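Just below is one structure, and these are the notes that go with it.
The values are calculated or read from the model by the stated rules, or taken from the named source; none is laboratory data. It should be emphasised that the depicted structure is a prediction, and the values quoted were computed from it without experimental measurement. With ideal geometry, Cβ positions are generated from the backbone for all residues, glycine too; neighbour counts draw on all protein chains shown.
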Amino acid sequence: MAKAITNIERYIPTPEEEKQKAIQQVLDAVSENHQALITLLDIVKELQEIGVLDIVQGALKNRHDIGVIAVSQLNQPGMHRIMKNGMNALQFLGKLQNILNAVDHGIVRLTDTKSEKPMGLMGMGRAMMEPNVTLALGSMINFLRGMGEGMQEAEKHVH
């Protein structure tokens with residue numbers, strides 16, 4: 001029969017051995033990613049030279065004061081209007097991007113029609129029933145209405 005195991009020895013590395021293992025892991029990682037680290041160090045050097053790191057460091061050291069100033073600025077009268085105008089400007093830019101994309105698509109389709117034969121009156125009538133055409137025509141009519149309303153408002157302010 002086998003003897004019962006009464007004493008199990010467990011190896012516990014010394015702090016010096018753990019430190020050496022950690023250093024070796026770091027060196028291995030540096031060796032495997034040396035090109036990325038060189039690029040990162042170059043970027044950090046450029047940021048330091050133009051002062052960005054000093055700005056970030058100052059902002060981090062003074063983050064509480066900056067937060068207090070930001071909150072006090074947000075509580076100023078009229079600030080909500082400025083923020084609302086900023087949000088409206090962003091929404092406008094999004095809508096403008098959609099319109100510009102649609103115009104670009106329309107120009108692409110326009111260049112495609114050069115190779116096609118001219119559309120007759122019946123073809124135009126059928127095209128007027130296409131959902132994309134009616135959507136575009138409706139949008140143009142609404143644009144013209146809005147433009148006319150704006151022109152009338154301008155006339156009222158002049159007189």
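Yes/no matrix, rows are residues, columns are (1) loosely packed, with under 10 Cβ neighbours inside 10 Å; (2) without any contact (Cβ under 8 Å) to a residue 24 or more places away in the chain; (3) among the basic types (Lys, Arg); (4) out of contact with any Asp or Glu (no Cβ under 8 Å at 6 or more places or on another chain):
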| position | (1), (2), (3), (4) |
| --- | --- |
| LEU27 | no, yes, no, yes |
| VAL30 | no, yes, no, yes |
| LEU37 | no, yes, no, yes |
| ALA59 | no, yes, no, yes |
| LEU74 | no, yes, no, yes |
| PRO77 | yes, yes, no, yes |
| ARG81 | yes, yes, yes, yes |
| ASN101 | no, yes, no, yes |
Do we find that GLY106 is surrounded by 10 or more Cβ atoms within 10 Å (Cβ to Cβ) and either touching a helix residue (DSSP H, G or I) at 6+ places or on another chain (Cβ under 7 Å) or not charged (D, E, K, R) (or both) in this structure? yes
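For every residue, the table says whether it meets (1) aliphatic (A, V, I, L, M); (2) modelled with pLDDT under 90.
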{"position": "ARG109", "(1), (2)": "no, yes"}
{"position": "ASP112", "(1), (2)": "no, yes"}
{"position": "PRO118", "(1), (2)": "no, yes"}
{"position": "GLY123", "(1), (2)": "no, yes"}
{"position": "ALA127", "(1), (2)": "yes, yes"}
{"position": "ASN132", "(1), (2)": "no, no"}
{"position": "MET140", "(1), (2)": "yes, no"}
{"position": "MET151", "(1), (2)": "yes, no"}
{"position": "HIS157", "(1), (2)": "no, yes"}
How many residues, within region 115-159, are among the aliphatic types (A, V, I, L, M) and more than 40 Å from the chain's Cα centre (by Cα)? 5
What residue, of MET124, MET140, MET119, is surrounded by 10 or more Cβ atoms within 10 Å (Cβ to Cβ) and part of a loop (DSSP other than H, G, I, E, B)? MET119
Is it the case that some residue within region 68-78 is among the small types (Gly, Ala, Ser) and farther than 30 Å from VAL44 by Cα? yes
